[in-house]
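J.: Take this structure first; my questions come after.
The values are calculated or read from the model by the stated rules, or taken from the named source; none is laboratory data. This structure is a prediction, so every number in the text was calculated from the model and none was measured. When we count neighbours, we look across all protein chains shown, and the Cβ atoms used for this are built from the backbone with ideal geometry, even at glycine.
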(Lines give C-alpha, C1' and ligand atoms only; values in the text may rest on other atoms or scores of the structure.)
Protein backbone atom coordinates (compact mmCIF):
# COMPACT_ATOMS: atom_id res chain seq x y z
CA UNK A 1 0.00 0.00 0.00
CA UNK A 2 2.80 2.47 0.91
CA UNK A 3 4.65 1.55 -2.28
CA UNK A 4 1.54 2.37 -4.29
CA UNK A 5 1.23 5.79 -2.61
CA UNK A 6 4.95 6.53 -3.21
CA UNK A 7 4.57 5.48 -6.84
CA UNK A 8 1.50 7.72 -7.25
CA UNK A 9 3.36 10.69 -5.71
CA UNK A 10 6.36 10.11 -7.98
CA UNK A 11 4.11 9.88 -11.06
CA UNK A 12 2.27 13.07 -10.06
CA UNK A 13 5.54 14.92 -9.45
CA UNK A 14 6.92 13.70 -12.77
CA UNK A 15 3.74 14.82 -14.52
CA UNK A 16 3.88 18.26 -12.84
CA UNK A 17 7.54 18.63 -13.81
CA UNK A 18 6.78 17.68 -17.42
CA UNK A 19 3.87 20.13 -17.69
CA UNK A 20 5.88 22.90 -16.03
CA UNK A 21 8.88 22.33 -18.31
CA UNK A 22 6.71 22.21 -21.42
CA UNK A 23 4.92 25.44 -20.45
CA UNK A 24 8.26 27.14 -19.81
CA UNK A 25 9.50 26.12 -23.25
CA UNK A 26 6.31 27.41 -24.85
CA UNK A 27 6.74 30.76 -23.06
CA UNK A 28 10.33 31.04 -24.29
CA UNK A 29 9.37 30.10 -27.85
CA UNK A 30 6.62 32.73 -27.78
CA UNK A 31 9.14 35.25 -26.44
CA UNK A 32 11.38 34.56 -29.45
CA UNK A 33 8.43 34.97 -31.81
CA UNK A 34 7.49 38.23 -30.11
CA UNK A 35 11.07 39.49 -30.34
CA UNK A 36 11.14 38.71 -34.06
CA UNK A 37 7.86 40.60 -34.45
CA UNK A 38 9.50 43.61 -32.81
CA UNK A 39 12.32 43.44 -35.36
CA UNK A 40 9.66 43.29 -38.10
CA UNK A 41 7.87 46.35 -36.70
CA UNK A 42 11.06 48.41 -36.78
CA UNK A 43 12.01 47.16 -40.23
CA UNK A 44 8.55 48.07 -41.53
CA UNK A 45 9.03 51.55 -40.09
CA UNK A 46 12.33 51.77 -41.97
CA UNK A 47 10.76 50.49 -45.19
CA UNK A 48 8.00 53.10 -44.90
CA UNK A 49 10.54 55.92 -44.55
CA UNK A 50 12.65 54.91 -47.53
CA UNK A 51 10.15 55.83 -50.31
CA UNK A 52 9.79 59.33 -48.80
CA UNK A 53 13.56 59.69 -48.69
CA UNK A 54 13.91 58.49 -52.29
CA UNK A 55 11.22 60.92 -53.48
CA UNK A 56 12.93 63.82 -51.70
CA UNK A 57 16.27 62.97 -53.31
CA UNK A 58 14.56 62.47 -56.68
CA UNK A 59 13.39 66.06 -56.66
CA UNK A 60 16.96 67.35 -56.30
CA UNK A 61 19.02 64.74 -58.12
CA UNK A 62 16.89 63.29 -60.87
CA UNK A 63 19.89 62.06 -62.88
CA UNK A 64 21.02 59.79 -59.99
CA UNK A 65 18.56 57.19 -61.19
CA UNK A 66 20.80 54.14 -60.67
CA UNK A 67 21.32 54.92 -56.99
CA UNK A 68 17.61 55.49 -56.42
CA UNK A 69 16.71 52.26 -58.22
CA UNK A 70 19.26 50.34 -56.11
CA UNK A 71 17.63 51.61 -52.92
CA UNK A 72 14.16 50.65 -54.14
CA UNK A 73 15.33 47.18 -55.23
CA UNK A 74 17.15 46.58 -51.93
CA UNK A 75 14.05 47.62 -50.00
CA UNK A 76 11.90 45.18 -52.00
CA UNK A 77 14.35 42.34 -51.35
CA UNK A 78 14.45 43.14 -47.63
CA UNK A 79 10.66 43.16 -47.40
CA UNK A 80 10.53 39.71 -49.01
CA UNK A 81 13.12 38.07 -46.72
CA UNK A 82 11.80 35.18 -44.65
CA UNK A 83 14.42 33.88 -42.21
CA UNK A 84 16.80 35.79 -39.94
CA UNK A 85 19.67 34.76 -42.27
CA UNK A 86 17.89 36.08 -45.38
CA UNK A 87 16.82 39.18 -43.48
CA UNK A 88 20.40 39.91 -42.38
CA UNK A 89 21.70 39.60 -45.95
CA UNK A 90 18.91 41.78 -47.33
CA UNK A 91 19.41 44.39 -44.61
CA UNK A 92 23.13 44.51 -45.43
CA UNK A 93 22.30 45.21 -49.07
CA UNK A 94 19.76 47.87 -48.07
CA UNK A 95 22.25 49.55 -45.73
CA UNK A 96 24.78 49.72 -48.55
CA UNK A 97 22.21 51.24 -50.90
CA UNK A 98 21.25 53.82 -48.28
CA UNK A 99 24.93 54.74 -47.82
CA UNK A 100 25.10 55.40 -51.56
CA UNK A 101 21.94 57.50 -51.33
CA UNK A 102 23.44 59.62 -48.55
CA UNK A 103 26.64 59.97 -50.57
CA UNK A 104 24.50 61.40 -53.40
CA UNK A 105 22.91 63.78 -50.90
CA UNK A 106 26.38 65.04 -49.92
CA UNK A 107 26.93 66.13 -53.53
CA UNK A 108 23.82 68.34 -53.49
CA UNK A 109 24.06 71.18 -50.97
CA UNK A 110 20.45 72.23 -51.59
CA UNK A 111 19.26 68.71 -50.79
CA UNK A 112 21.45 68.47 -47.74
CA UNK A 113 20.00 71.77 -46.49
CA UNK A 114 16.41 70.69 -47.21
CA UNK A 115 14.29 70.57 -44.07
CA UNK A 116 12.32 67.53 -45.30
CA UNK A 117 15.48 65.60 -46.14
CA UNK A 118 17.02 66.45 -42.76
CA UNK A 119 13.92 65.28 -40.90
CA UNK A 120 13.75 62.06 -42.90
CA UNK A 121 17.46 61.42 -42.36
CA UNK A 122 17.05 61.96 -38.59
CA UNK A 123 13.98 59.71 -38.49
CA UNK A 124 15.88 57.01 -40.34
CA UNK A 125 18.81 57.31 -37.91
CA UNK A 126 16.43 56.88 -34.96
CA UNK A 127 14.84 53.91 -36.68
CA UNK A 128 18.27 52.32 -37.22
CA UNK A 129 18.88 52.59 -33.46
CA UNK A 130 15.52 50.96 -32.76
CA UNK A 131 16.31 48.18 -35.22
CA UNK A 132 19.64 47.55 -33.48
CA UNK A 133 17.90 47.32 -30.12
CA UNK A 134 15.17 45.01 -31.50
CA UNK A 135 17.82 42.71 -33.03
CA UNK A 136 19.66 42.58 -29.71
CA UNK A 137 16.42 41.77 -27.88
CA UNK A 138 15.65 39.05 -30.43
CA UNK A 139 19.11 37.49 -30.05
CA UNK A 140 18.75 37.57 -26.24
CA UNK A 141 15.39 35.80 -26.52
CA UNK A 142 16.91 33.21 -28.88
CA UNK A 143 19.77 32.65 -26.42
CA UNK A 144 17.36 31.98 -23.55
CA UNK A 145 15.21 29.69 -25.68
CA UNK A 146 18.13 27.73 -27.15
CA UNK A 147 19.66 27.33 -23.68
CA UNK A 148 16.35 26.05 -22.34
CA UNK A 149 15.88 23.41 -25.04
CA UNK A 150 19.50 22.22 -24.81
CA UNK A 151 19.89 21.82 -21.04
CA UNK A 152 19.00 18.80 -18.97
CA UNK A 153 16.24 17.85 -18.16
CA UNK A 154 14.19 20.21 -20.35
CA UNK A 155 16.03 18.97 -23.44
CA UNK A 156 14.27 15.62 -23.05
CA UNK A 157 10.86 17.27 -23.12
CA UNK A 158 11.93 19.61 -25.91
CA UNK A 159 13.07 16.66 -28.01
CA UNK A 160 9.84 14.73 -27.41
CA UNK A 161 7.61 17.70 -28.24
CA UNK A 162 9.40 19.05 -31.31
CA UNK A 163 11.07 22.20 -30.03
CA UNK A 164 14.01 23.09 -32.25
CA UNK A 165 16.77 25.67 -32.17
CA UNK A 166 16.21 29.15 -33.55
CA UNK A 167 18.85 31.03 -35.49
CA UNK A 168 20.37 34.31 -34.41
CA UNK A 169 20.17 37.51 -36.39
CA UNK A 170 23.83 37.90 -37.37
CA UNK A 171 25.64 40.66 -39.16
CA UNK A 172 27.36 39.65 -42.40
CA UNK A 173 31.07 38.87 -42.17
CA UNK A 174 32.33 42.18 -43.51
CA UNK A 175 30.38 44.10 -40.85
CA UNK A 176 32.09 42.14 -38.06
CA UNK A 177 35.59 43.30 -39.01
CA UNK A 178 37.37 46.39 -37.80
CA UNK A 179 36.10 49.76 -38.99
CA UNK A 180 38.50 51.56 -41.29
CA UNK A 181 38.68 55.29 -40.58
CA UNK A 182 40.42 57.44 -43.16
CA UNK A 183 40.94 61.18 -43.18
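J.: Condition check: in a helix (DSSP H, G or I), modelled with pLDDT under 80 and in contact with a helix residue (DSSP H, G or I) (Cβ under 9 Å, 6 or more places away or on another chain). Does residue 24 satisfy that?
T.: No, not satisfied.
J.: From 170, 121, 150, which residue is within 30 Å of residue 71 (Cβ to Cβ) and out of contact with any helix residue (DSSP H, G or I) (no Cβ under 7 Å at 6 or more places or on another chain)? Break it down into steps so the answer makes sense when it comes.
T.: Details: 170 fails: out of contact with any helix residue (DSSP H, G or I) (no Cβ under 7 Å at 6 or more places or on another chain); 150 fails: within 30 Å of residue 71 (Cβ to Cβ).
When all the criteria are applied, what remains is 121.
J.: Continuing with the same structure: Just to be sure before I move on: is residue 43 surrounded by fewer than 10 Cβ atoms within 10 Å (Cβ to Cβ), assigned to a helix (DSSP H, G or I) and modelled with pLDDT under 95 in the structure I sent?
T.: Criteria not met by residue 43.
J.: Check segment 1-15 and report whether any residue there is modelled with pLDDT under 90, farther than 29 Å from residue 138 by Cα and surrounded by fewer than 16 Cβ atoms within 10 Å (Cβ to Cβ).
T.: Yes, there is a match, as at least one residue in segment 1-15 is modelled with pLDDT under 90, farther than 29 Å from residue 138 by Cα and surrounded by fewer than 16 Cβ atoms within 10 Å (Cβ to Cβ).
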